[in-house]
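Enquirer: The structure follows.
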Amino acid sequence: MTERLAQTTRRIESLQQLEAVVTAMRGISASRVQQAHGLLPGLRAHAAVIARAIGQALALAPGDQRPAEPRIHRSAVIVFCAEQGFAGAFSDRILEAAAQKAGEQTVFLIGTRGAALASERGIQVAWRTAMVPHANLVAALAGRIADALYGWLSDQSGRQVDIIVPTWSAGSGVVPERRSLVPFDFHRFAVSTSGQAPLITLPPAVLLDRLAEEYVFAELCEAALTAFAAENEARVAAMLSAKSNLGNMRSELQALERQIRQEEITAEVVELAAGAIS
């Protein structure tokens, strides 16, 4: 019985150490979520400035010189998955959304853990990279994605690119959101006809191409930052669940420990009583 008590005590100590690790992981992830949410308004403001510039440039371009929508011959999808584990079903849900057309699309994947799961699912990945460890590094990540993307697009025209962005909802968990990235849709921008026309040093068609590239980069930055926040929110939720389960296990072991101690005391009292009678 003494050995059983010692084993139970050791298990309680191990659970307490694991709870400390889980609490630390939750705190780190929560801090990253807060950092990402603090940067998102700035990124969206940047995209809004570019959108206004596109509207002004569209007003300068004659109707017959505005970019037309090309025919689609090949397509690709950019997928943001988890970089690390302990994020619940984060990568699984994203890969399920990507797998719907995976056989027809070239896959660009971000996230080391997600790449391993994609390989297990038989999803062919044409290009992959790791998710950044800090929110303030998303611009560098977006640059790497843009370089790989434009390298793929340079082969020929008529290509379409979608992006699957994981968003987090407290009620639904991870929600994959598919967005269209290329071909660039100029029709979603309102043509600016008010105020003085801006001075430009480039032909309107060239200016629109440059602004479109800048807007795509802004979209990639926002997608990467949203995915970074969603992964860490999923990890916070997973750590909360793990902490609850560990707490329940510890309570059960502590009850068992008290029961074993009581059984030991009872056994000692019985031995003492038997010895006094004899």
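The values are calculated or read from the model by the stated rules, or taken from the named source; none is laboratory data. The shown structure was predicted, so the numbers you read here are calculated from the model rather than taken from an experiment. Here Cβ is always computed from backbone atoms with ideal geometry, including for glycine, and neighbour counts include all displayed protein chains.
Enquirer: Please state which one of V270, V175, V216 is modelled with pLDDT of 85 or more, hydrophobic (A, V, I, L, M, F, W, C) and surrounded by fewer than 16 Cβ atoms within 10 Å (Cβ to Cβ).
Expert: V175
Enquirer: Across the stretch 138-170, what is the number of residues that are outside any strand (DSSP E or B) and either polar (S, T, N, Q) or surrounded by 14 or more Cβ atoms within 10 Å (Cβ to Cβ) (or both)? Before the answer, list the steps.
Expert: At the first step, the residues of the stretch 138-170 found to be outside any strand (DSSP E or B) are 138-158, 170.
Checking the rest, the ones that are also either polar (S, T, N, Q) or surrounded by 14 or more Cβ atoms within 10 Å (Cβ to Cβ) (or both) come to 138-139, 141-142, 144-146, 148-149, 152-154, 156-157.
Adding up the residues that qualify gives 14.
Enquirer: When the stretch 242-276 is examined, which residues are found to be within 30 Å of F90 (Cα to Cα) and in contact (Cβ under 8 Å) with a residue 12 or more places away in the chain?
Expert: A242, K243, L246, G247, M249, R250
Enquirer: Against the definition (of a type in the set (K, R), over 28 Å from L58 (Cβ atoms) and over 15 Å from the mean Cα position of the chain (by Cα)), how does R188 come out, yes or no?
Expert: Working: of a type in the set (K, R): yes; over 28 Å from L58 (Cβ atoms): no; over 15 Å from the mean Cα position of the chain (by Cα): yes.
Here the answer is no, as R188 does not meet what is asked.
Enquirer: Let me ask another. Being surrounded by fewer than 22 Cβ atoms within 10 Å (Cβ to Cβ) and assigned to a helix (DSSP H, G or I) is the filter here; which residues of the stretch 86-114 pass it?
Expert: D92, R93, E96, A97, A99, A102, G103, E104, T112, R113
Enquirer: Condition check: at pLDDT below 95, in contact with a Cys (Cβ under 9 Å, 6 or more places away or on another chain) and not charged (D, E, K, R). Does L117 satisfy that?
Expert: yes
Enquirer: Could you list, in sequence order, the residues of the stretch 196-212 that are surrounded by fewer than 16 Cβ atoms within 10 Å (Cβ to Cβ) and touching a helix residue (DSSP H, G or I) at 6+ places or on another chain (Cβ under 8 Å)?
Expert: A197, P198, I200, L202, A205
Enquirer: While we're looking at this one, here's another question. In the list A197, A190, A237, which residue meets the criterion of being touching a residue at least 24 places away in the same chain (Cβ under 8 Å), in a helix (DSSP H, G or I) and not charged (D, E, K, R)?
Expert: A237
Enquirer: Go through the stretch 29-56 and report how many residues are surrounded by 14 or more Cβ atoms within 10 Å (Cβ to Cβ) and either among the β-branched types (V, I, T) or not in a helix (DSSP H, G or I) (or both).
Expert: Residues meeting the conditions: 3.
Results for (1) at pLDDT below 85; (2) out of contact with any Pro (no Cβ under 9 Å at 6 or more places or on another chain), shown as yes or no for each residue.
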| site | (1), (2) |
| --- | --- |
| L153 | no, yes |
| Q156 | yes, yes |
| A170 | yes, yes |
| P183 | no, no |
| F189 | no, yes |
| Q196 | yes, yes |
| L202 | yes, yes |
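Enquirer: Being out of contact with any helix residue (DSSP H, G or I) (no Cβ under 7 Å at 6 or more places or on another chain), at pLDDT below 90 and closer than 30 Å to S29 by Cβ, is that true of even one residue in the stretch 80-91?
Expert: Yes, because at least one residue in the stretch 80-91 is out of contact with any helix residue (DSSP H, G or I) (no Cβ under 7 Å at 6 or more places or on another chain), at pLDDT below 90 and closer than 30 Å to S29 by Cβ.
Enquirer: Condition first: in a strand (DSSP E or B) and of a type in the set (D, E). Now tell me which residues in the stretch 171-187 satisfy that.
Expert: E177
Enquirer: Being crowded, with 16+ Cβ neighbours inside 10 Å and among the aliphatic types (A, V, I, L, M) is the filter here, so list the residues in the stretch 16-28 that pass it.
Expert: Once the filter is applied, which keeps residues that are crowded, with 16+ Cβ neighbours inside 10 Å and among the aliphatic types (A, V, I, L, M), the stretch 16-28 yields V22, M25.
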